[in-house]
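For reference, the structure is listed below as structure tokens.
Computed from the coordinates by the stated procedures, all read-outs in this text should not be read as laboratory data. Here the structure is a predicted model, which means the values were calculated and not measured. Note that each Cβ is placed from the backbone with ideal geometry, even for glycine, and that neighbours are counted across all protein chains shown.
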Amino acid sequence: MKAEIPVLIRRAEESLQAASHLLDESMYTVAVSQAYYAMFYVASAALLTRGLRFKRHASLVRGFASQFVRTGLLPSHLQTKLAAAFVERTRSDYQVLEDVTREEALEQLKRAAEFVTAVRAFLEKESQR
């Protein structure tokens, strides 16, 4: 399971890069989705450090909160970012009559970059223990 962690971190970084490129190409809906997946991958990596994996996205969001935010290991604003990103990803993927604006996509990308950076730093500290 521990071997999966660096792979998930790499996927998170790739998803952030993809989201940035998609934003540059005015593909806002897909950029929002990729930005969320960057967060999903790094949150999955963090949860693996606790021996946990989730099949459903909503369960992962709740699991991240219970393992890292409610325990005080990570600040609550990270949970807020993850939960908001999940809602936005769901809207962008499934609400076909709602367009995602450039501003919304840019906000999602910023949120994802901050989340990935913070969780990666946490994982690096954890690996040094």
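Some points to look at:
- Summarised as an ellipsoid, the chain has semi-axes of 25, 15, 12 Å, derived from the eigenvalues of the Cα gyration tensor scaled by 5 and square-rooted, with the largest first.
- Top of ALA46, ALA18, ALA58 by mean-square fluctuation, Gaussian network on the chain, Cα under 10 Å: ALA58
- Lys, Arg +1 and Asp, Glu -1 on Cβ, resulting dipole of the chain about Cα centre, debye, nearest 20: 860 debye
- The residues packed around GLU114, meaning those with a beta-carbon under 12 Å from its beta-carbon, carry a net charge of +3 if Lys and Arg are +1 and Asp and Glu are -1.
- Ranking HIS57, LEU16, ALA112 by Cα position along the charge dipole of the chain, where only Lys, Arg, Asp and Glu carry charges on their C-beta atoms, puts HIS57 farthest toward the positive end.
- Relative contact order computed over the chain (Cα-Cα under 8 Å; 6+ residues apart), in percent: 33 percent
- Where GluC sites (Glu not before Pro) fall in DSSP loop in the stretch 8-50, at most 14 other Cβ within 10 Å: GLU25
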